[in-house]
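Quick notes on the structure that follows.
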Amino acid sequence: MGFTATIIGRPNVGKSTLFNRIIGKRISIVDDKPGVTRDRIYGQVEWRDKKFTLVDTGGIEPGNEDIIFSKVLHQVKLAIENTDVIVFLVDGKEGLTPIDEDVAQILRKSKKPVILVVNKVDNFETQSEAAFEYYKLGFGDPILISAAHGVNIGDLLDRIVGHIPDEEVPEYDEDVIKVAVVGRPNVGKSSLVNSILGEERVIVSDIPGTTRDAIDTLFEYQGKKMVLIDTAGLRRKSRVKEDIEFYSNLRAIGAIERADVVLMVIDATSEITEQDKKIAGLAHEEGKAMIIVVNKWDAVEKDDKTIYRYTEEIKEEFKFAEYAPVVFVSALTKKRVPKILELIEFVMNYYTFRVEKKMLRELLDEAMTIVPPPVIKGKRLKIYDAEQIGIKPPTFSFIVNDPEILHFSYQRYLENKLREKFGFEGTPIFFKIKKKEKKK
């Protein structure tokens, strides 16, 4: 899932404020009432050309018998187990408390790297002396910050990325197609990988989360080099369903970021879930080519219309990714599994396809003749220039008189025209809209 840093601390020390400050969006609920953040929340961070996942957790009180706090403690322990570095947050105004010392004891037992952070520091000259008391926790030099005012956050991020290994992700040649196999636990991802490769290279088990880290397997198909990135689950079976979903989502993020093509695996024997849509949504937002693989098709009772009903339902549920081809397979019997490899090549061709500028201009002129550009407040949209500026995914630049007039519905219309003319099956299409600069 890539490198993960987790914020840990007792209630009301400012964990959510720090999380929101680093992520740059208000995601966690910030409130002075202890115990507001009960579930883990995560976001992606990039700092000094290094990426990591930041996780926010609920406040812990190790000795508290309250059922909410005991559940939070369980989730925090699981977060510690599955993180690479711990950001241990304490309150610089209140000072060191017995609960801080209890939390520190839990963290020391974890044997994970710990960055001690003193929050709510308003006066760095007077409070820096008071920070000496935190040395007794045994985590080295504390970093003094003010999450609310954004002071010394850069120093903290430097410390976090300092723990990220330089050679964490394997690099492959440009001609290698990187394929991520993603999906919620127990949909048959590892079985599918084995079926594609034709041999037992990945552990297969009915227990969600048999392996810990993503497994890369390099192979060739009809002269094309491919690497399968199999996302793993938890180290051991968790008793809490939400825990499994949370960490499988984190691992999906890391695999999706590295991939060209995403195999979004769903289970034919169960309903499409919000987690299915969330994982597919991550692939769409990251601009990855996508194939929806419906596994366990052998276990479904069928008539001559079953496949059409399933396809319609999938297209409706994954409306944001209507471009993704759907393939029905059985990893168990290997039926139609070779079709997946054909589709990977097929969508990769569109993922890297370029449209000549002249052909793009002709298509736009034709599209705007059929459906004239929109008018807002008496001003009609004018497209002065258009060209394809990137691939993986195909990305188009439009120079217009007013970007606000080119609203979503007309963008969607132009996207559909591009797909009608050039295909672009299996890949999202991105637009970058710029206002024409006035001549000085």
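Table for the structure above
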| item | result |
| --- | --- |
| Residues located in segment 317-348, provided they are open to solvent by 80 Å² or more (accessible area, probe 1.4 Å), over 24 Å from the mean Cα position of the chain (by Cα) and free of Cβ contacts under 8 Å to residues at least 12 places away in the same chain | Glu342 |
| Elements of type strands (runs of 3 or more DSSP E) contained in segment 39-111, each with 2 or more residues being open to solvent by less than 10 Å² (accessible area, probe 1.4 Å) and at pLDDT 85 or above | 50-56, 85-91 |
| Residue identified as at pLDDT 75 or above, in contact with a helix residue (DSSP H, G or I) (Cβ under 9 Å, 6 or more places away or on another chain), polar (S, T, N, Q) and surrounded by 22 or more Cβ atoms within 10 Å (Cβ to Cβ) among Ser190, Ser195, Ser248 | Ser195 |
| Arg201 at pLDDT 85 or above and over 22 Å from the mean Cα position of the chain (by Cα) | no |
| Criterion violated by Phe19 - all others in (1) surrounded by 22 or more Cβ atoms within 10 Å (Cβ to Cβ); (2) more than 21 Å from the chain's Cα centre (by Cα); (3) modelled with pLDDT of 75 or more satisfied | (2) |
| Segment 395-429: number of residues that are under 13 Å from Phe353 (Cα atoms) and open to solvent by 40 Å² or more (accessible area, probe 1.4 Å) | 3 |
| Residue within segment 367-379 that is among the hydroxyl-bearing types (Ser, Thr, Tyr) and either closer than 30 Å to Leu263 by Cβ or crowded, with 17+ Cβ neighbours inside 10 Å (or both) present | no |
| Qualifying residues in segment 135-161 (those that are part of a strand (DSSP E or B) and open to solvent by 20 Å² or more (accessible area, probe 1.4 Å)) - the one farthest from Val103 (Cα to Cα) | Val151 |
| Among (1) modelled with pLDDT of 85 or more; (2) open to solvent by 60 Å² or more (accessible area, probe 1.4 Å); (3) of a type in the set (Phe, Trp, Tyr) - the single one Phe132 does not satisfy | (1) |
| Some residue of segment 290-304 being among the basic types (Lys, Arg), in a helix (DSSP H, G or I) and free of Cβ contacts under 8 Å to residues at least 60 places away in the same chain | no |
| When residues of segment 255-308 are limited to those that are of a type in the set (Gly, Ala, Ser), touching a Ser or Thr at 6+ places or on another chain (Cβ under 6 Å) and surrounded by 15 or more Cβ atoms within 10 Å (Cβ to Cβ), the one farthest from Thr53 (Cα to Cα) | Ala289 |
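Residue by residue, here is whether (1) touching a residue at least 60 places away in the same chain (Cβ under 8 Å); (2) more than 24 Å from Pro325 (Cα to Cα); (3) touching a helix residue (DSSP H, G or I) at 6+ places or on another chain (Cβ under 6 Å) holds:
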| site | (1), (2), (3) |
| --- | --- |
| Ala367 | no, yes, yes |
| Pro394 | no, no, no |
| Pro403 | no, yes, no |
| Phe408 | no, no, no |
| Phe422 | yes, no, no |
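The values are calculated or read from the model by the stated rules, or taken from the named source; none is laboratory data. Since we're looking at a predicted model, the values are computed, not measured. Note that each Cβ is placed from the backbone with ideal geometry, even for glycine, and that neighbours are counted across all protein chains shown. Keep in mind that these areas ignore ligands, DNA and RNA; they rest on the heavy atoms of the full protein, side chains included. Shrake-Rupley method; radii C 1.70, N 1.55, O 1.52, S 1.80 Å.
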